[in-house]
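The values are calculated or read from the model by the stated rules, or taken from the named source; none is laboratory data. All values reported here derive from a predicted model rather than from experimental measurement. We place every Cβ from the backbone using ideal geometry, glycine too, and count neighbours over all the protein chains shown. Surface areas here come from the heavy atoms of the whole protein model, side chains and all, with no ligands, DNA or RNA. Shrake-Rupley method; radii C 1.70, N 1.55, O 1.52, S 1.80 Å.
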Amino acid sequence: MKKNHFLHKHQKTLAPLLSLVLIILITASVTPGFLSIQVVDGHLFGSLVDILHRGTPTALVALGMAVVIGTRGIDLSVGAVIAISGAVTAVLTVNTDWPVWLVIMCALGVGMLCGLWNGILVSVFSIQPIVATLILMVAGRGIAQMITEGQIVTFHSEVLDAIGNGYFLAFPIRVWIAIGMIILTLVVMRKTALGLFIEAVGANVRASRLVGIEARLLVMSAYVFSGLCAALSGIILAADIRGADANNAGLWLELDAILAVVLAGASLAGGRIYLLLTIVGVLIIQTLTTAILTSGLPAQYNLVVKATIILAVLLIQSPKTRQWVSGFFLKKQKAVKGSTTP
Amino acid sequence: MQSLSTRHPLPWLSAFKRKAVVTTFSVLLPVLSASALAADLTVGFSQIGSESGWRTSETESIKAEAERRGYDLKFSDAQQKQENQIKAVRSFIAQGVDGILLAPVVETGWDQVLKEAQRANIPVVLIDRGVAADPSLYLTKVASDFKEEGALAASWLAAQTNGRCNIVELQGSVGSSAAIDRKTGFDSVISNFPNMTIIRSQSGNFTRAGGKEVMESFLKAEGGAKNICALFAHNDDMALGAILAMKEAGIKPSKDIIVVSIDAVPDIFKAMADGEANATIELNPHLGGPAFDAILASQKGESVDKWIKANGPLYLPDTAAAEYAKRK
């Protein structure tokens, strides 16, 4: 029984990892040079590095999304928050002489304010998360457009350029930022009581209230954290193109983030979340995108191919499929056992 | 029918009155020049919204043209909603304007309101986009021909490279008419040159971020700029993103890879002035002039083409600095 449980848990972890490796291998066989990594100007250069580089914004958003989903919530507004924080970064850089760190702090602060707004709607006014965050999803892009006056505001700042495209110890700086955030989140969620409480609230609000957990504050803090992650992602995305594109920055990114969390095996009904596997989920999505772009596939097939592969990955991970597979193997084992023992 | 005529009893009357007044004027005062007559022109303009810099400059250009001619322009911003546009057109009809400019947000669903305008004898001029309705329901469409823009880009590139070029293409959003037609126009010209081929083509969704990401993948897939002679981007924003990708890969845009794109947004002129882009074709936002002229022509009873093509010129780096200063 115990062994079976171990196997079960292992499978859940293995499925996304296996899918990722499979996708990379298949792409490598289709696109020659996909796996090659060279050193150019003292940093790594290649499609695999691109995947990490391009995956950072989604990874950051997915981290925040995972925590929110852990509380049995969802945050649809992250794409809009990305647009807002990018707009704030660009407009402050262009129109003021403020030092870069202050600009970044302002952008992050605005993101946390957006998160707080969501958190208050969800935890104080008990509005369903999907509805509460939908409000900011729609309004937020409008706010960003107001900040940029509908234009793409381009800026120049060495520090922001470095955040968008610089390298440190052979890897993109933004990848280091993401790794830092991942470790921080892991420590908070796994090594402190806060993480336990958040998942407890998501799994069973009433039970956690009965043991004396203050659910409101926890839920609110989850949304603030998601806002912070989205804002950080927004700064990186704006720094990447050296401009704030309020109409398009982070558009539909919330869906990729939710998908990554689900690919990692979390349930939208709250409870247990898997942070590292969420990052694997992000990498699966980004590998697919990069692979499709390098493969030379006609543009109109992009989405269909992506959707088909994602569906395949989800099917591989579905508990039913796992049951069938393990059932199949167990039968085989039994059959083998039966034949060897007389 | 019944309900319509009861709902809008006034436009009929006012249109008739206006016609009578115009006829009296032109009979009694033949000395009155067209411009003096034109000063009386009241035109309604239903704009989609202000979602892009280009649309904002289109709005401003049409407003400025109306002011220059001394017309009374009634402006309505639909905020991307067709129902708002239909309301605006109905209110223009009720006010008995002399003509309506309509930049339709979608192609379908205009038949009814166009019929209402026709019954009130008010000519409707479509601005920068078409509709899927019987052409007899509107006076004309004033818009660029995306195919000609693509063809112009290809012709310029062919002349520039003596018809020998490996091209990478950044397409617009899949399925958009701008992307489809610009590609068709471009392809139709390069098909005449056996040594001009599109080696890679992907959608960058008309955005800077999209253009940058796709260009990065092109450069990886082609192993740098050695095999790429030129980039054709369906809009300037994607070209600007691609230029960033080239610079980060240590490639000199416009020198190692020729960059040609469409739209003529201010930032592409800056890139051209900095020697990072080679050519852009203007998506002409100055549609007010031809639209007002069409309304005047129809008032005089002259026939008007169903599509007045208002294509913009191709700009090169030599005038880029001046153009940037003008447009900033």
Residue hits (region A:163-189; touching a residue at least 24 places away in the same chain (Cβ under 8 Å) and assigned to a helix (DSSP H, G or I)) are A:Ile163, A:Gly164, A:Asn165, A:Arg174, A:Val175, A:Ile177, A:Ala178, A:Met181, A:Ile182, A:Thr185, A:Leu186, A:Met189
Find the helices (runs of 4 or more DSSP H) located wholly in region B:171-252 whose residues include 1 or more that are at the interface with another protein chain (Cβ under 8 Å from one of its Cβ atoms), and list them. B:208-222, B:236-248
Looking across region B:180-223 at residues that are over 19 Å from A:Leu237 (Cβ atoms) and aromatic (Phe, Trp, Tyr), the single one that is most open to solvent (accessible area, probe 1.4 Å) is B:Phe193
Look through region A:251-267, keep the residues that are within 14 Å of chain B (Cβ to nearest Cβ) and in a helix (DSSP H, G or I), and return whichever of them is farthest from the chain's Cα centre (by Cα). A:Leu253
Of a type outside the set (S, T, N, Q) and open to solvent by 20 Å² or more (accessible area, probe 1.4 Å): does that describe A:Val39? yes
I'd like to check something: does region A:115-138 contain any residue that is surrounded by fewer than 16 Cβ atoms within 10 Å (Cβ to Cβ) and either charged (D, E, K, R) or touching a strand residue (DSSP E or B) at 6+ places or on another chain (Cβ under 7 Å) (or both)? no
Tally time: how many residues in region B:253-272 are among the charged types (D, E, K, R), outside any helix (DSSP H, G or I) and free of Cβ contacts under 8 Å to residues at least 40 places away in the same chain? 2
Quick one: B:Ser261 ticks every box in (1) more than 14 Å from chain A (Cβ to nearest Cβ); (2) modelled with pLDDT under 95 bar one, so which box is it? (2)
For region A:230-249, does any single residue satisfy the condition of being closer than 30 Å to A:Val100 by Cα, touching a Gly at 6+ places or on another chain (Cβ under 6 Å) and not in a helix (DSSP H, G or I)? yes
Mind listing whichever residues of region A:268-295 are part of a helix (DSSP H, G or I) and more than 14 Å from chain B (Cβ to nearest Cβ)? A:Leu275, A:Leu276, A:Leu277, A:Thr278, A:Ile279, A:Val280, A:Gly281, A:Val282, A:Leu283, A:Ile284
Right, B:Glu65: in a helix (DSSP H, G or I), in contact with a helix residue (DSSP H, G or I) (Cβ under 9 Å, 6 or more places away or on another chain) and either open to solvent by 50 Å² or more (accessible area, probe 1.4 Å) or at pLDDT below 95 (or both) or not? yes
In this structure, is A:Val313 within 14 Å of chain B (Cβ to nearest Cβ) and open to solvent by less than 60 Å² (accessible area, probe 1.4 Å)? no
